[in-house]
Amino acid sequence: MVRIRVLVVDDHRIFAESLAAALAAEPDVDVSAAGSGPAAVRSLERAAAEGRRYDVLLVDADLGGNALGVRPAVPVQEANEDGLVDGISLVVGVRASQPAVRIVVLAEKDDPRRAALALQAGASGWVAKDCSLSRLLTVIRGVLRDETHLPPALLTGVLRELTAARKHRTESEQLVESLTPREREVLRCMVAGLGRKAVAERLFLSPHTVRTHMQNVLGKLGVHSTLAAVALARRAGVGPVDLAGDVVERGGQLA
C-alpha cells in the first residue's frame, strides 16, 4: 500500500491535533502537525535530510506570524494591503524549495480573491476547514494526481480574480518595459530587499546615483514607495537579483 505523508500546518493547536488524529485513522495516511510556518519548514528540511518527503501540506490560510521566518516573497506591509497573508507566503516558499510537495489551503470562509492568490502562489486546492473528512481526503488524493480542487461556489469568483490579475500583470509588464536596463537591475535589487547602500555596492555605483535610479523607477512605474514598486514588479514577473551568485556585471565607473 502506497502511504501518503501529510503535514498539517495550523497555529490553532486543538484544530491541528484533531485534524491530524482524524487523518491518522486512515490506513494509507501518515500525518504530522506543525504549529507555525517555521516549524513546518524545519519538518520539511528534516524529512528531506532523512531521505523522506511529505506529499501534501495542509496550510491554514490565516497562519500567524511570518510564515517562513525570513523575508517573504512580497514585503509584509505590502502583502497585507493586497490581501496576501502569511499562510500563502508559506505556499510560495515551499513551492520554490520543494516543488514536488502539493499544498492545500484550509480556510475559515470562502474568499475568491484569497483563493486566487493561493492558486497563483502554487497551491493545488482550497477547502473549508469545516468540510467533511471524506471531502478532504478526496482533495488530498486528487492533488496528488495533479488535480486542482476548489469549491464549486468559488469557481466564478476565482476565474474573475485570475482574469483581473492577468490584466494587471500585462499593465505592470508594460510599465517595467519602460525602464532602462540599469533601472531594471536596480528594481531587481529592490525586489531582493536590498537598501540603497547595498544596491550601490552591488552595482558599483555611488549611493547618490542609486537614489536617482530609484526615484526614476518609482516615477516610471507610477508608484510612491519601494513597497509598491516591489509589488508591481512581482506582478510583472520580475524576480530578485541572485544574491548567491555574481549575476550583475561590473558596468560603469563609481559615480
*asked:* At R0 = 41 Å, how high is the FRET efficiency between Glu171 and Phe15 if r is their beta carbon distance? Nearest 0.05 is fine.
replied: 0.55
*What spacing in nm lies between the two simple spin-label points modelled at Ala24 and His224, each 7 Å away from Cα in the Cβ direction?*
5.3 nm
*Among 173-184, 30-41, how do they line up from the highest to the lowest mean number of other beta-carbon atoms within 10 Å?*
30-41, 173-184
*asked:* With bins 5 Å wide starting at 0, give me the P(r) of segment 4-160 over every alpha carbon pair, in whole percents.
replied: 2, 10, 21, 24, 22, 14, 6, 1, 0
*Mind giving me the FRET efficiency for Arg42 and Lys109? R0 is 25 Å, r the Cβ-Cβ distance, nearest 0.05 is fine.*
0.25
*asked:* How far apart, in nanometres, would the label points at Thr180 and Leu144 be if each is projected 7 angstrom from Cα along the Cα-to-Cβ direction?
replied: 5.5 nm
*Tell me, Ser172, Ser134 in order of fewest to most beta-carbon neighbours within 10 Å?*
Ser134, Ser172
_Which trypsin sites (Lys or Arg not before Pro) in segment 108-175 sit in a loop by DSSP (not H, G, I, E or B) and have at most 10 other Cβ atoms within 10 Å of their own Cβ?_
Lys109, Arg145
*Which shape class applies to segment 77-234: rounded if a/c is under 1.5, otherwise prolate when a/b exceeds b/c and oblate if not, where a ≥ b ≥ c are the square roots of the Cα gyration tensor eigenvalues?*
prolate
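Among Met1, Met214, Met190, which comes first, then next, by fewest other beta-carbon atoms within 10 Å?
Ascending number of Cβ neighbours within 10 Å: Met1, Met214, Met190.
Computed from the coordinates by the stated procedures, all read-outs in this text should not be read as laboratory data. Keep in mind that this is a model prediction, so the values were computed, not measured. Counting neighbours? That spans all protein chains shown, and the Cβs are built from the backbone with ideal geometry, glycine included.
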